[in-house]
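The values are calculated or read from the model by the stated rules, or taken from the named source; none is laboratory data. All figures in this text were calculated on a predicted structure; none of them were measured in a lab. Reconstructed Cβ throughout: ideal geometry from the backbone, glycine too, with neighbour counts over all protein chains shown. Please note that ligands, DNA and RNA were not included when accessible areas were found on the heavy atoms of the full protein model with its side chains. Shrake-Rupley method; radii C 1.70, N 1.55, O 1.52, S 1.80 Å.
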Amino acid sequence: MSAESISLTGKILGATLFYPPGSQEVQPLVALLKSSDWAPLWPCATEDAKAQATEMLSQTESAEESIDDAYQRLFIGPYALPAPPWGSVYLDKESVVFGDSTLALRQWMRENHIGPQLTQAEPEDHIGLMLMMCAWLAENSPSLLNAFLTVHLLPWAGRYLELLRQKADHPFYVGVAILAESTLAGWQQALAIETPVAKLYF
């Protein structure tokens, strides 16, 4: 699998899980994913996962809840989020945002001279930011990608995506979760990364 494949899929999945669906970053991606045109070109997921994701994503318009309301409910609140998108919620005993694992990620980024691409006070371990970070690393510092995945993303991403798939209750985000699960597994296989075991608290 090429760095370009990881970069492309990381950017699309990361943006979709980070920015609001009506934003200029994601609006064209929503339109693309609702069609099935992307599936034959998607390089990092199984055919079965792509078929399942395509089926879910095609139902976006017919869902009872708008995609904007789903994004608000799943990523912003005001109520408890069914699948919190920050790594430290899963990795820290207190299940807090900006926990020790976030600080460890921040330190790793500092040591490797990686500046956070943040325009707001969002924790660096947001799933969307981390997938976009994978894309950035694949393009700019591929030698760091395995360590980033092994230590900072893979220990909790599977649990998050499982929760999102089970609890999103909207076909668009269920479809994205299915696609992201299979894509991460594809990256892991291509890069020969063993599944890291971590104690999770959420």
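For the reader, a short list of remarks on this structure follows.
- Here LYS167 meets the list (1) surrounded by fewer than 20 Cβ atoms within 10 Å (Cβ to Cβ); (2) free of Cβ contacts under 8 Å to residues at least 24 places away in the same chain; (3) farther than 20 Å from GLU194 by Cβ almost entirely, failing just condition (2).
- Selection count where residues are over 14 Å from ALA135 (Cβ atoms) and open to solvent by 20 Å² or more (accessible area, probe 1.4 Å), scope segment 24-44: 11
- Filter result for TRP156 (in a helix (DSSP H, G or I) and surrounded by fewer than 22 Cβ atoms within 10 Å (Cβ to Cβ)): no
Quick grid of which residues meet (1) out of contact with any Pro (no Cβ under 7 Å at 6 or more places or on another chain); (2) part of a loop (DSSP other than H, G, I, E, B); (3) touching a residue at least 24 places away in the same chain (Cβ under 8 Å):
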site: GLU64; (1), (2), (3): yes, yes, no
site: ALA70; (1), (2), (3): yes, no, yes
site: PRO82; (1), (2), (3): yes, yes, yes
site: PHE98; (1), (2), (3): no, yes, yes
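- Qualifying position, being free of Cβ contacts under 8 Å to residues at least 40 places away in the same chain, surrounded by fewer than 17 Cβ atoms within 10 Å (Cβ to Cβ) and in a helix (DSSP H, G or I), among GLU139, GLU162: GLU162
- The residues listed here are ALA51, ALA70, ALA15; of these, the one that is open to solvent by less than 40 Å² (accessible area, probe 1.4 Å) and over 15 Å from the mean Cα position of the chain (by Cα) is ALA70.
- ALA3 being farther than 27 Å from GLU122 by Cα and open to solvent by less than 50 Å² (accessible area, probe 1.4 Å): no
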